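A short reminder: the numbers here are calculations on the coordinates, not readings from a lab. A quick note: this is a predicted structure, and the numbers were derived from the prediction, not measured. No Cβ is skipped: glycine too gets one built from the backbone with ideal geometry, and neighbour counts run over all protein chains shown.
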Amino acid sequence: MSIIRTGTAVVLAGALALGASACGSDDDGGGSTTAASSGGGGGGEKIALLLPESKTARYENQDRPRFVEKVRELCPDCEVLYSNAEQDPAQQQQQAEQAITNGARVLVVDAVDVKSAAAIATNAKSQGVPVVSYARLISDAELDAYVSIDPFRVGQQQGEALVRALRGGRRIVMVNGSPTDSNSAPYKEGAHDVFDRSGIDVVKEYDTPDWSPDRAQTEMEQAITSAGKDGFDGVYSANDGMAGGVIAAMKSAGVDPRTRPVTGQDAEVAALQRILTGEQLMTIYQPISEIAATAAELAVPLARGEGVPSITTTEVDNGGPRRVPAVLLDTIVITRDNIQDVIIRDGFATAEQICTDEYRAACAEAGIR
């Protein structure tokens, strides 16, 4: 995926992803289907939040609670209908349809599969229900708004950090994200942009279904078998969960991860702990709280029939009939040097969560309190 900037407009040529899920009964197919009331009694609008999976800790721990909190603040009588598709596109389709049946006036969707999610958006629009694309941009469909980060820039940030840490080394393994997540392509392209300009040799490269840490571990085991323990100098991992799998594979093979920098993304607590001990190089902090709050700020007026609010700052091209009004937020590279100033300060994680007994000394050295 390429990103084209013209003035203040940002055009993402290609599809990013969105997902929809609805709150229904316990038999609507496998995911979490518990309704989260954002306060108040009857009479408020219903807003559906559809998230793609729970393997990545952020969705249940950050995205969902912050979205519900912001909806409650903006619309005390509104109700959030929540579902998690657990990586099943068909289930997500069913959840979206059930949400509309249950009276949702807007869908906020983080898609399991960006291409198949076009059917979710098309069906919703045919029934007059607006769709906000959350985190990933649904492709080839009419959308009302989109909120996320710039995935190409994220890939560049990861690549730049890895190149600096290689200290002259040139051989890397790439463990990319899920091919059904439209953000995976621009993450990868952003990283390759840096690697190509820096003369980096990618000795093995994998696209990892479902962002699975277990699959990433298997891929890294294969890479070590193929390239040899001394056949690579670092690893590009597109997110923290997979970085954990990569590092487990290196340890199992007798490779000290402190000698082979590994990237990540999502600022998961386990990744922050690995960063403190030197087993992981860095992570990317997405302002998830701000993304979720912005999604709520987009959804509430749409649910009330007031149209897209003026908070959008650019437009993106998803291949649909028109460009999509969007808010794209900045991301931050996290190392041991700024965990306190960014992660702790923003309340994304607490010192108590990070600095368990095993990591207390490392936290003290990094000034985390």
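Legend: residue pairs Lys204/Lys229; Lys55/Lys188; Lys55/Lys125, Cα-Cα distance threshold 23 Å; pairs beyond threshold, Lys55/Lys125. Evaluated at q = 0.08, 0.11, 0.13, 0.14 Å⁻¹, a Debye calculation over the C-alpha positions of the chain (equal weights, vacuum) places log10 I(q)/I(0) at -0.39, -0.73, -0.99, -1.13.
With 0.36 nm allotted per residue and the present C-alpha distance subtracted, the Lys229-Ala119 stretch has 35.0 nm of extension available. Applying 0.36 nm per residue to the separation of Thr277 and Ala57 and subtracting their alpha-carbon distance, the gain on full extension is 77.1 nm. For the stretch 225-230, backbone phi angles converted through the Karplus equation (6.51, -1.76, 1.60; θ = phi - 60°) give residue-by-residue couplings of 4, 6, 8, x, 4, 9 Hz, Gly and Pro being listed as x. Residues Tyr206, Tyr134, ranked from the fewest to the most other C-beta atoms within 10 Å, line up as Tyr206, Tyr134. Under a 5 Å amide H cut-off, with hydrogens placed 1.01 Å from N, Val202 pairs with Ile172 among residues at least 5 apart or on other chains. Within the listed set Val246, Val194, Val235, the residue fluctuating most in the Gaussian network model of the chain (springs between alpha-carbon atoms under 10 angstrom) is Val194. Put simply, when 60-66, 219-225 are sorted by average Cβ atoms within 10 angstrom per residue, most first, you get 219-225, 60-66.
With a cut-off of 18 Å on the backbone N, the residues of the stretch 279-295 near the modelled label site 7 Å out from Leu74 along Cα-Cβ are 287-295. Extension gain, Asp140 to Asp341: 0.36 nm times the residue separation minus the Cα-Cα distance gives 68.4 nm. About its Cα centre, the stretch 183-246 has a charge dipole of approximately 60 debye under the convention of +1 per Lys or Arg Cβ and -1 per Asp or Glu Cβ, with nothing else charged.
Oblate is the label for the stretch 224-369, because a/c, from the alpha-carbon gyration tensor with a ≥ b ≥ c as root eigenvalues, is 1.5 or above and a/b does not exceed b/c.
Residues whose amide H lies under 5 Å from that of Val112, counting only those 5 or more places away or on a different chain, are Ala20; hydrogens are built 1.01 Å from N in the peptide plane.
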